Structures are given as structure tokens and as C-alpha cells.
Amino acid sequence: MTDHGGTAPAGRRHAASGIVLDATAKRIIEQLQQDGRRSYAAIGKAVGLSEAAVRQRVQRLLEAGVVQVVGVTDPMMLGFSRQAMIGVRTDGDLTAVADRISDLDGVDYVVVTAGSFDVLVEVVAADDELLKILGAVRAVPGVTGTETFLYLKLHKQTYAWGTR
């Protein structure tokens with residue numbers, strides 16, 4: 001990513017997109033992490049850019065998949081009575097298993113891990129949907145076992161970890 005009207009400064013390259021996260025891009029991201037509804041004008045004031053320059057930079061960050069601006073909710077408060085993390089053990093191609101699980105309805109988060117489980121899957125569901133989703137996860141070729149951790153209460157959820 002380049003500064004408005006400048007050349008590409010030294011920064012951290014986002015591996016998936018090849019985009020360079022310079023100090024200004026990082027400050028914009030931190031502003032959005034604090035308040036995703038913050039106006040481009042307010043962000044511009046905080047980072048020293050015009051509203052138009054911030055709008056362009058945010059659009060490039062969105063297009064590159066570096067950021068998403070969403071309303072984060074507590075699913076239980078919205079009528080989803082089941083939220084769970086499913087630990088998945090596999091054999092074979094981890095990426096293929098993770099891809100198949102990612103395509104399942106009701107699956108919100110999939111990550112390949114090291115440790116006791118090969119893949120972690122987060123699910124938000126209404127009542128009996130959890131059982132259906134769990135059955136679909138278990139039916140994915142390469143899945144050898146699962147362990148389900150049912151969430152009782154959302155205690156803390158934050159996405160404001162900053163940048164490096």
C-alpha cells in the first residue's frame with residue numbers, strides 16, 4: 001500500500017494479498033478496530049490523511065481481505081441457543097478437510113491447528129441444528145474423530161488486538 005501521493009514505504013507485507021502494511025495503514029486498522037463505524041474524516045484526522053485518502057486505503061484493505069468491517073454480536077442474545085467449538089482429528093490432507101468443513105452451513109470459523117486437534121470449528125446454531133452440523137462435520141472424508149465444547153456464556157469477545 002502506498003501513502004497518498006507517495007512511494008511504497010517500508011512496512012509489513014500481508015502474505016495472502018502482497019499488500020504492504022505501512023505505519024499509516026496500521027493506524028487506520030487500529031482506528032477501525034476501536035470503532036468500525038468511525039467516519040473516514042475522523043480516521044483521517046487521527047492518522048493525518050484526507051477523508052478521500054482514508055476511503056481509498058480502507059477500500060484496498062477490504063478488497064485485499066486484510067480487514068472486514070462487521071457488527072459483532074453475542075449469538076445467544078439473538079436467539080441462537082447453541083454455540084460450540086468442535087475439535088476435529090483427521091488423517092490425510094488437512095487443507096482438504098478444512099475446505100470441506102468450511103463449506104458446511106452453520107460453520108462460522110475454521111482453523112488448522114497444532115496440538116490435540118488438527119482443525120477447530122466454531123458453530124452458531126439454533127437448538128437441534130448443532131446436532132445436524134456435528135453429523136455433517138463427522139461425515140467429511142478424512143475426519144477420524146471430534147470433541148465438542150458447548151459454550152455456556154460469552155464472557156469476553158474482542159477484536160482490538162492492534163497491529164505489528
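The values are calculated or read from the model by the stated rules, or taken from the named source; none is laboratory data. Keep in mind that what you see is a predicted model, and the values were worked out from it rather than measured. Don't worry about glycine lacking a Cβ; one is built from the backbone with ideal geometry, like all the others, and counts go over all protein chains shown. Accessible surface areas use protein heavy atoms only, side chains included; no ligands, DNA or RNA. Shrake-Rupley method; radii C 1.70, N 1.55, O 1.52, S 1.80 Å.
Structure above, values below:
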{"read-out": "Any hit, the stretch 52-72, residues being closer than 23 Å to R164 by Cβ, assigned to a loop (DSSP other than H, G, I, E, B) and in contact (Cβ under 8 Å) with a residue 60 or more places away in the chain", "value": "yes"}
{"read-out": "Residue list for the stretch 39-49, restricted to those being assigned to a loop (DSSP other than H, G, I, E, B) and either surrounded by fewer than 16 Cβ atoms within 10 Å (Cβ to Cβ) or touching a residue at least 60 places away in the same chain (Cβ under 8 Å) (or both)", "value": "S39, G48"}
{"read-out": "Odd one out for G92, checked against (1) modelled with pLDDT under 90; (2) closer than 21 Å to K156 by Cβ; (3) not hydrophobic (A, V, I, L, M, F, W, C)", "value": "(2)"}
{"read-out": "1 or more residues more than 30 Å from A23 (Cα to Cα), open to solvent by 80 Å² or more (accessible area, probe 1.4 Å) and among the aromatic types (F, W, Y): qualifying strands (runs of 3 or more DSSP E) within the stretch 78-164", "value": "143-150"}
